[in-house]
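One structure below.
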Amino acid sequence: MSRLTVQNLHFSRGRQPILRGIELVHERGQVLTLLGPSGSGKTTLLWQLAGLLSPDAGRVTFGDETSANKIGFVFQDGALWEHLTARAHLDIVLRGRSLSRGQRGERIARALADTGLTKLAARRPGELSGGERQRLALARALVIEPHWLLLDEPASQLDGPSRQELIDLLDQRLRDHPAGVILATHQVDLAMRLSDRIAVLQEGRIGQIGAPADVYEHPASLAVARLLGPAFEMRVGDASLVFRPHQVRFDPDPAGPFTVRRCHFAAGHWQVEASDGATVALIACDRPIGIGAAGYLRSCDQSC
């Protein structure tokens, strides 16, 4: 199986380090998400993989010697050509390839159908909604039948129904596509839904990489944990452990060291914030607990 390998990749802009020793291996046929906040190096790493930037040190290699003609790239803003119709966007990227006119037509028709743009083929970008523009950017990347598909924050400029429609489309298309997919985003729900693996980027380094459930349930650090959702750190014996709200239980007891400071309803459960002066704990509860209530914390499995 073809693979992408990144070895000790470094990149700086002026004196500012952007990427610091990135190591990565990714197989075709899988979806890898680069997840991190703004400034963590996600887009820069994606551009390095596409050959749009050259590293200061290190290297990017493709096991199948993939050329730039086999890399599809979806830019954050779409980077569409405002004077061209949707169909022309796809036709122009197929020119110069060893395809007959009929083969080009078949590819274009398939890419338009796969992204729900068949009836909009004659429209220009200015006549499309935000979601339709992103679907056109995706169709332009898919029509070349890439070995590797790179997507930079594909849903970041959308909200509401348009965002959900694009996520649904990506989920359907990326699962069926044989390309190796690398997605850069700061949106946790997108990463969780689409990824086979997640690489968490922090200040130009990979803080953790693994399956979504593993990274969420067993974060390498509190900083990694908080990028994916609520978490807190607490000493248990001689170790400092990271917990999610559903991994602890609050047992009310007047003699307990923890005191409830806040309690609010949050998407199907009550989230309680309690402190013993040294630790601020977040607990998911099935019922509200009064402010000022004292108690103990204990770790538990998901059934507690």
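The values are calculated or read from the model by the stated rules, or taken from the named source; none is laboratory data. Here the structure is a predicted model, which is why all the values come from computation and not from measurement. When we count neighbours, we look across all protein chains shown, and the Cβ atoms used for this are built from the backbone with ideal geometry, even at glycine. Surface areas here come from the heavy atoms of the whole protein model, side chains and all, with no ligands, DNA or RNA. Shrake-Rupley method; radii C 1.70, N 1.55, O 1.52, S 1.80 Å.
Accessible area per residue for the chain in Å², computed with a 1.4 Å probe and the full protein assembly in place, what is it?
Here the per-residue accessible area is 49 Å².
Over segment 145-184, what per residue volume does the convex hull of the Cα atoms give, in whole Å³?
Values: hull volume 2.5 nm³, N = 40.
Spread over its residues, the Cα hull of segment 145-184 gives 62 Å³ apiece.
Over all directions, the average projected area of the alpha-carbon convex hull for segment 216-262 comes to how many nm²?
Values: hull surface 16.7 nm².
That works out to 4.2 nm².
Compute, for residue 75, the solvent-accessible surface of its heavy atoms (probe 1.4 Å) with the complete set of protein chains present, and express it in square angstrom to the nearest 10.
Accessible area of residue 75: about 50 Å².
Using a 1.4 Å probe and counting only protein heavy atoms, arrange 9, 241 so the residue with the most accessible area comes first. Let's see the in-between values first.
Details: 9 0, 241 70 Å².
Final ranking, largest accessible area leading: 241, 9.
So what is the relative contact order of segment 13-76, in percent, for Cα pairs below 8 Å that sit 6 or more residues apart? Walk me through the numbers on the way to the answer.
On the way: 22 pairs, mean separation 16.3, N = 64.
In percent, rounded to a whole number, it is 25.
With label points built 7 Å along Cα→Cβ from the Cα atoms of residue 122 and residue 267, find their separation and express it in nm.
Calculated label separation equals 4.3 nm.
Note the direction-averaged projected area, equal to a quarter of the hull surface, for the Cα convex hull of segment 234-304, in nm².
Working: hull surface 18.8 nm².
Orientation-averaged projected area of the Cα hull: 4.7 nm².
Compute, for residue 280, the solvent-accessible surface of its heavy atoms (probe 1.4 Å) with the complete set of protein chains present, and express it in square angstrom to the nearest 10.
60 Å²
Please identify the trypsin sites (Lys or Arg not before Pro) of segment 1-50 that satisfy two criteria: DSSP loop assignment and at most 11 other Cβ atoms within 10 Å. Which are they? Walk me through the numbers on the way to the answer.
On the way: sites: 3, 13, 15, 20, 28, 42; in loops: 15, 28.
Filter output for segment 1-50: 15.
Whole-Hz Karplus ³J(HN,Hα) for segment 72-83, in order, using 6.51 cos²θ - 1.76 cosθ + 1.60 and θ = phi - 60°, x for Gly and Pro?
x, 10, 10, 6, 4, 9, x, 6, 7, 9, 5, 8
Hey, can you grab everything whose amide H is under 5 Å from the amide H of residue 202? Only 5+ residues off in sequence or another chain; H modelled, so Pro and N-termini drop out.
Under 5 Å from the amide H of residue 202 lie the amide H atoms of 207, each far enough along the sequence or on another chain.
Quick one: 3J(HN,Hα) in Hz for segment 175-191, Karplus 6.51/-1.76/1.60 with θ = phi - 60°, rounded, Gly and Pro as x.
Listing the rounded values in order: 5, 8, 8, x, 5, x, 10, 10, 10, 9, 7, 10, 8, 5, 4, 5, 4 Hz.
Excluding ligands and nucleic acids, what accessible area in Å² is computed for residue 261 using a 1.4 Å probe, to the nearest 10?
It works out to around 110 Å².
What number in nm² do you get for segment 185-304 if you take the convex hull of its Cα atoms and divide its surface by four? If you can, show how the numbers build up before the last one.
Details: hull surface 33.7 nm².
If I average the Cα hull's projected area over directions, I get 8.4 nm².
Starting from the coordinates of the alpha-carbon atoms of the chain, obtain the Kirkwood hydrodynamic radius over all distinct pairs and give the value in Å to one decimal.
Numbers: mean 1/r = 0.0462 Å⁻¹.
Here the Kirkwood hydrodynamic radius works out to 21.7 Å.
Can you tell me which of 48-54, 222-228 comes out highest on packing, and rank the rest after it, using the mean Cβ neighbours within 10 Å?
Details: 48-54: 16.4, 222-228: 19.1.
For the peptides 48-54, 222-228, the packing ranking is 222-228, 48-54.
What does segment 7-72 give for Rg and for Dmax, in Å, if only its C-alpha atoms count?
12.2, 37
Residue by residue through segment 194-205, which ³J(HN,Hα) values in whole Hz follow from phi under the Karplus form 6.51 cos²θ - 1.76 cosθ + 1.60 (θ = phi - 60°), with glycine and proline marked x?
9, 8, 7, 9, 10, 10, 8, 9, 9, 6, x, 10
Using r as the Cβ-Cβ distance of residue 221 and residue 129, and R0 as 41 Å, what FRET efficiency do you calculate, to the nearest 0.05? Intermediate values should be presented prior to the final figure.
Numbers: r = 40 Å, r/R0 = 0.98.
For residue 221 and residue 129, the calculated efficiency is 0.55.
Report, to two decimal places, the Cα Rg of segment 114-262 normalised by 2.2 N^0.38 Å (N = number of residues). Don't jump to the answer; show the numbers that get you there.
On the way: Rg = 20.6 Å, N = 149, 2.2 N^0.38 = 14.7 Å.
That ratio works out to 1.40.
Per the Debye formula with a single identical scatterer at each Cα and no solvent contribution, what log10 I(q)/I(0) holds for segment 94-140 at q = 0.25 Å⁻¹?
-0.90
Just tell me the longest site-free run in the chain, where the sites are GluC sites (Glu not before Pro) in a DSSP loop having at most 10 other beta-carbon atoms within 10 Å.
Details: sites that count: 65, 82.
In the chain, the maximal stretch lacking such sites is 83-304.
Can you give me the Cα centroid spacing of segment 223-301 and segment 145-213 in angstrom?
So the separation of the two Cα centres works out to 31 Å.
If 22, 71 are ordered by their accessible area, calculated over protein heavy atoms with a 1.4 Å probe, which sequence runs from highest to lowest?
Values: 22 0, 71 25 Å².
In descending accessible area the options line up as 71, 22.
Using only Cα atoms, what Kirkwood radius does segment 7-152 have, in angstroms?
16.7 Å
What's the carbon and sulfur percent of segment 261-304's accessible surface, probe 1.4 angstrom, rounded to a whole number? Working shown, then result.
Working: 1370 of 2690 Å².
Answer for segment 261-304 is 51 percent, counting heavy atoms of protein chains only.
Show 189, 176 ordered by accessible area, largest first, where the area counts protein heavy atoms only and the probe is 1.4 Å.
Working: 189 80, 176 115 Å².
Largest to smallest exposure gives the sequence 176, 189.
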